[in-house]
Every structure is written in C-alpha cells, then in structure tokens.
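> Take a look at this one; I'll ask things after.
The values are calculated or read from the model by the stated rules, or taken from the named source; none is laboratory data. Bear in mind the structure is a predicted one, so any value in this text is a computation, not a measurement. Cβ coordinates were reconstructed from backbone atoms using ideal geometry, including for glycine residues, and neighbour counts include every protein chain displayed. Only protein heavy atoms, including side chains, enter the accessible area calculation; ligands, DNA and RNA are left aside. Shrake-Rupley method; radii C 1.70, N 1.55, O 1.52, S 1.80 Å.
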Amino acid sequence: MKKNKSSLLKRVVLRHGPMFAAAVISMFAAVGMDFLTPMIFAQSIDSVLSQNKPLSLPYPVSIWVERLGGREFLAGNLWIIALSILLAYMLAGACQYLRGRFIARASEAASREIRDELYGHIIKLPFDRLERSSAGDLIQRCTSDVETIRRFLSNQIIEIFRAVFMLIVALLVLARINASLCLISVALAPFLCGFSFFFYGLVRRRFAKADAAEGSMSSVLQENLAAVRVVRAFGRQGYEMDKFEKANGELHAKSKSLSDLLAIYWATGDAISALQTGITLVMAVVYAARGELLAGEATVFVSYVSMLMWPVRQLGRILADMGKAKVAAGRLEQILEMPVEDMTSGGLKPPLDGDVVFDGVYFGYGGKDVLSGLSFTVPAGATVGVLGATGSGKSTIMRLLDRLYEPSSGRITIGGTDIKLIDKAYLRSRVAFIAQEAYLYSRTARDNIAFARRDASGEDIDRAARVSRCDEFISRFESGMDTMVGERGVTLSGGQAQRIAIARAILTDASILIFDDSLSAVDTRTDRAIRKELDAVRGKATTFIISHRLSTLCECDFTIVLEGGKAAEIGKHDELIRSGGLYSRLYRIERDLEDEMRQTDSGGSDDAKI
C-alpha cells in the first residue's frame, strides 16, 4: 500500500510522542516564566512603587503577601521582588534545559530510526532496482535528507506549539489590559502571516531543486572517488574536476537562490516586526499620557508585543523548515514505497546437489533479448565452462541462476525443482558467486574472507586461504591475516583481491560455485594451482567457470559456447576444437599468439648470446 508523503514525519513523531510531549510541557513552563517576568515588573511599578492600583497576585501568593504586611511590606523590601524575578529566570532556564534535553533525545532517536528503516529497506530492494539507482543519490537521501528532518524535529516542531501558546496568552493578557491598544499591537500580524505562507511555497520549491542538485553532486563525487584508479591511470583529474565543479556550481546556484529568498523573508519579517513594536511603543506612550494606561501596563505591552511578534515572525522559519522537511520526507518515502524483493516466494529448501537445467530461457534488458531460448543441462558435480563474446549473456545466466534476475520466460531447475519455488535466501546461501571485480571491505584480510560465514573458525579461514593461494601473499604481510586491505582492496593487486574473494566463496561450502571471470587477473600458474586445489576440496559442488582463457576452460568437463542468445556449442575441449566454431577459432588464435611469444622470447635469448 502506498504511503502518504507526510506519513514518515507522522510516524516518527507519534512513535516518540511521550518524549516530544515532555519537551512541549517543559516549553510551556519556560514560556510561562517568560510571561511572568514582565507582570512582576508591572506589579512592582503600578502597585508597589506608585500604588496606583491594587495588587493582583495569584491567590496563594496574595495570602502570603497580606500576612507579611501587604504592598507596604513589599515597598520596604524590594529585594523580595528582585528575588522573585531571579527565581523566574532560573526556573525558565531549568525548563529550557529540560526542553532541550527531551527534544534532542526524541529527534536523535527519530533520525536514527529513519536511517535504520531506510537502510533496512534499501538492502531488501531487488538487484535490478539497485543497479538502476545512483549510489550517490541514495547516500545523500540517507544522510542530508535525514539530517533535514532531524533539524526540523529538533528546532521547529516544538516551536509550532510555542508560537500558538505565546500568541494566545499574549493576546488574552493584552486584551484584558487595553483592548483597543491590543488591536493596534497586532495590526501588522495578519500581513506577516500571509507573507509567511506566500514564501512557504517558494521556499519549498527552491529547496526541492537544491536538494536534487545536492544528490547529483553527491553522485558525481561518489563515482569519482570509486573510480580513482581509472582517473589517475588516464590522467583525467582535470576532466573530473571540471565535471565536479559543474555539479557543484549547480548546487551553489540553487542554494544561493534559496538563501536569497530566505534573506528577503527574514529582512522583511524583521522590518515588519520592528515597525509593529515601534507603533506599539508610540501608542503606549500616547495612551499613558492620556491616563488610559499605567506605566507598568505600558511596560507589559511593549514586552508582550515583542513576544507576540516573535512567534508570528517565527512562523516563516517554521513554514520554511517544514517545507524542507516535507520535501526530504517525500524523497525518503520514494525509497520506502519501492517494493522490496520477495525472499520467501515458494519457500522450498530442497537439496541443491542435483542437475542444473536451463529450459528455453529468455531474458533481456530494455526490451532487447540477451538470451533467446537458452537450453542446456549441467550434471550434478560437473565443472562447466562458459564462453562467449562480450554481451552474449555469460554473466546474465549466472545472475538468473542466483535469482538476482528472473527470466521473462522459460524455467531453470536444480535437481528437478524450479528455482522460482525455492526460498531466495536459502538459494543464495548455497550458491557462491565470485565476480570478476572482487569487492573487498576496508577491514582485515581475515574479516574479508570470513564475511561469507561469520561463525567460521580460524582453521576454516586458513583452509580457504590455502586453497585460493592467498596465504602466499598474506603471509608476507607484517600483520598477516590481520592486515587492513583498504576500501575495495586498494592496497592489493587485482589478482590478490580475486584470490581473497575466491577464499570467501570457498568458505561457504556452497552446492554451486560460480567463477565469473574471477581468475582473469591471476597468472596461469596460480590459476592452475587454484583449480587443482578446488578439485580436491569442492566435493560434489557444481562449478561454473566463465572465462576467456581457454587454458582454463580446456580442463572443464565440458564448455557451453554462447552465441545469439543460445548455446551455439556444447562439448568437451577436443570436440569443440574439431567443430570449427567460435571455440575452435579462439583456440587457434590463442595458440598462434603463444607460439609467437615463444618465438619472440627465443629470438631475444639468441640476441643476448650474440
């Protein structure tokens, strides 16, 4: 069910309602103390010092004052009034502290909850959806947009209650003192409110544009940092800098436009507030001169009008931040509304040690078929090679087997069971996939290998490292297995990173192993040694090896040659050489290149002897 864009804000506020309520109550108490201080001044001037009107105190306080001697006693002990004012300030400060503490705890808990919910949802999205999404934009939404909501919850949501409370109390008190002057004191408030609502719409639209520009800049930054090796290798720092400056310039222009709009609002709001305060001050003096207003009451009017105009002017900031928060919440809801991957469809958990069968499988990208009725059978425990030109669908069939993609038609079975009926989490736990580009985390070599099995023992990790031959270079590191490999394995060579990725897959003891050209960066000798070790330890695991290196494929039980979205050739090494197809042509090319290299090396040796 699709959620309303504002539901995210509603949910987090309601979920942490008690903490927000405690902050509101503390705020009410603080505002009450703020309103009490001018009243104490007014009573001191009009009832104690000048004695122009009787004391007007709360009942318990008035009883206590009368017992002490009434206002004559207060006139002779002004320190009591000073102490009352000091106490009011102290209580207001304590209430403000509690308000800040409660609202900070509530807003931080809410933002943490939003980030957890977002991340939990993102990692459950279908693989193809994540492939189409910009990592930089997702990161920006999970950080900047969440921070925008946190600031609104921390700074402004409680100000809504404060503004309404101050407005009501100030109007009631001022109207009771002098109704006509009260109306004069709020004459410009409706205009300021209308002005605030008008700017709210403008601010919201401009913030949406600035937020989108920030997402684009984050995408460029993330992409450039991820591709730093390529950028340096081709000397394209200047080009990438220009690309970043363009994205940054777009963000700067849209942020400046938003800031200019806010500057106009704040300047205009301050001018209107100052004008209203000035009008009230002048009219209070006029009323006092006429005898319609006492000096203390004039003090209350001027003080309260400043308090009255503040929430009205603050309305603009509240609306502006609310607009930003609603835009940010809307962007987050776009992610949360994306349907997550169904991991338990079918729910079967059969043994996956049977034959793997592709039966008339079709699949395509963007309406163009990559696989067109692909059919083949891999016997249980066999090692099958997969060969084909770039874009022939080699990696695609492996992703279909792992259910990262779903075929548009046809079916894939393991041991006779359609994989659509198998629990996805279970299936992927039994299928180990080693990609050509090995992704390593910024952790130790041990942690990267153990990523596949968090309960793996040290002996298991060492065995996997030994089989993949990564123990050879890890042992030369000063810290051995505890050596940090750096983000994406930047401190390792391509072959070393691939060997750690292979060790990670071996650790799973999976029923199906998939090597997606994951031995491409490994030299031929190490490649042969790794495959020999794999043959010894993989047991009955069915193994797929995607490779362009025929010296690797020739030792497979048989090889599937993809062409035109179908299995153009299937057979053993000798059979495929005799067939005269793509495999045979590639074999001849590879053999001729090796002969040429041997002749070159031999010629170089003869020259050296001469």
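> Given the conditions (1) open to solvent by 20 Å² or more (accessible area, probe 1.4 Å); (2) assigned to a strand (DSSP E or B); (3) touching a residue at least 60 places away in the same chain (Cβ under 8 Å), and given that L371 satisfies all but one, which numbered condition is not satisfied?
(1)
> Is there any pair linking a residue in region 323-341 that is within 16 Å of E147 (Cβ to Cβ) and open to solvent by 30 Å² or more (accessible area, probe 1.4 Å) to one that is hydroxyl-bearing (S, T, Y) and not in a helix (DSSP H, G or I), with Cβ under 9 Å and at least six apart or on different chains, and which?
If the second residue must be hydroxyl-bearing (S, T, Y) and not in a helix (DSSP H, G or I), the pairs left are K326/S6.
> Can you work out which of the residues in region 496-523 that are more than 20 Å from D462 (Cα to Cα) and small (G, A, S) is modelled with the highest pLDDT?
Looking at the filtered set, the residue picked out is S511.
> With the condition being acidic (D, E), I'd like the helices (runs of 4 or more DSSP H) fully within region 159-272 carrying at least 2 qualifying residues.
Numbers: elements: 179-185, 189-226, 228-233.
In region 159-272, 189-226 are the helices (runs of 4 or more DSSP H) which contain 2 or more residues that are acidic (D, E).
> Considering only region 207-251, state which residues are open to solvent by 80 Å² or more (accessible area, probe 1.4 Å), among the hydrophobic types (A, V, I, L, M, F, W, C) and modelled with pLDDT of 80 or more.
M241, the sole residue that qualifies.
> How many of the residues in region 532-589 are in a helix (DSSP H, G or I), open to solvent by less than 60 Å² (accessible area, probe 1.4 Å) and small (G, A, S)?
Residues in region 532-589 being in a helix (DSSP H, G or I), open to solvent by less than 60 Å² (accessible area, probe 1.4 Å) and small (G, A, S): 2 in total.
> In this structure, is S180 at pLDDT 80 or above, polar (S, T, N, Q) and under 24 Å from K324 (Cα atoms)? First the steps, then the outcome.
Numbers: at pLDDT 80 or above: yes; polar (S, T, N, Q): yes; under 24 Å from K324 (Cα atoms): no.
No, not satisfied.
> Within region 401-495, considering only helices (runs of 4 or more DSSP H) that don't extend past its boundaries, which have at least 1 residues that are surrounded by fewer than 17 Cβ atoms within 10 Å (Cβ to Cβ)? Even if it seems obvious, please write down each step before you answer.
Numbers: elements: 424-430, 445-450, 458-467, 471-474.
In region 401-495, the matching helices (runs of 4 or more DSSP H) lie at 424-430, 458-467, 471-474.
> Is region 129-137 home to any residue that is buried (at least 20 other Cβ atoms within 10 Å of the Cβ), closer than 22 Å to M217 by Cα and not polar (S, T, N, Q)? I'd like the intermediate steps shown before the answer.
Kept after step one, since they are buried (at least 20 other Cβ atoms within 10 Å of the Cβ), are these residues of region 129-137: 136.
Narrowing further to those that are closer than 22 Å to M217 by Cα: 136.
Adding the requirement that they be not polar (S, T, N, Q) leaves 136.
Yes, region 129-137 has at least one match.
> Give the number of residues within region 291-302 that are charged (D, E, K, R) and surrounded by 21 or more Cβ atoms within 10 Å (Cβ to Cβ). If you could, list the steps in order and put the result at the bottom.
At the first step, the residues of region 291-302 found to be charged (D, E, K, R) are 292, 297.
Still in the running and surrounded by 21 or more Cβ atoms within 10 Å (Cβ to Cβ): 297.
Selection size over region 291-302: 1.
> Pick from region 181-206 the residues that are hydroxyl-bearing (S, T, Y) and open to solvent by less than 40 Å² (accessible area, probe 1.4 Å): which of them is farthest from T280 (Cα to Cα)?
Going through region 181-206, the residues hydroxyl-bearing (S, T, Y) turn out to be 185, 196, 200.
With open to solvent by less than 40 Å² (accessible area, probe 1.4 Å) added as a condition, the list becomes 185, 196.
Working: S185: 5, S196: 22 Å.
Across region 181-206, the extreme among qualifying residues is S196.
> Counting just the residues of region 303-322 that are surrounded by 18 or more Cβ atoms within 10 Å (Cβ to Cβ) and small (G, A, S), which one comes out nearest to G416 (Cα to Cα)?
The residue in question is A320.
> Only residues in region 436-453 that are more than 21 Å from D516 (Cα to Cα) and touching a residue at least 12 places away in the same chain (Cβ under 8 Å) count as the first member; pair them with residues that are surrounded by fewer than 19 Cβ atoms within 10 Å (Cβ to Cβ) and acidic (D, E), Cβ under 7 angstrom, at least 6 apart or cross-chain, and list the lot.
Listed pairs, sorted by first residue: S442/E487; T444/D482; R446/D482.
> Which residue is most open to solvent (accessible area, probe 1.4 Å), if the candidates are limited to region 342-365 and must be assigned to a loop (DSSP other than H, G, I, E, B) and of a type in the set (A, V, I, L, M, F, W, C)? Steps first, please.
Taking region 342-365 and keeping what is assigned to a loop (DSSP other than H, G, I, E, B), we get 342-347, 349-355.
Now narrow it down to the ones that are of a type in the set (A, V, I, L, M, F, W, C): 343, 352.
Details: M343: 63, L352: 5 Å².
Selected residue: M343.
> Looking at S218 and the list (1) at positive phi; (2) within 25 Å of the chain's Cα centre (by Cα); (3) of a type outside the set (K, R), which single condition is not satisfied?
(1)
> Output the residues belonging to region 138-149 that are surrounded by 17 or more Cβ atoms within 10 Å (Cβ to Cβ), more than 15 Å from A110 (Cα to Cα) and modelled with pLDDT of 80 or more.
Here is the first cut: in region 138-149, the residues surrounded by 17 or more Cβ atoms within 10 Å (Cβ to Cβ) are 138, 140-142, 145-146, 148-149.
Restricting the remaining residues to those that are more than 15 Å from A110 (Cα to Cα) gives 138, 140-141.
L138, R141, listed by residue number.
> Kindly list the number of the only condition in (1) within 30 Å of the chain's Cα centre (by Cα); (2) aliphatic (A, V, I, L, M); (3) modelled with pLDDT of 90 or more that fails for V356.
(1)
> Output yes when any residue across region 301-319 is within 28 Å of A208 (Cα to Cα) and of a type in the set (G, A, S), and no when none is.
Checking region 301-319: at least one residue is within 28 Å of A208 (Cα to Cα) and of a type in the set (G, A, S).
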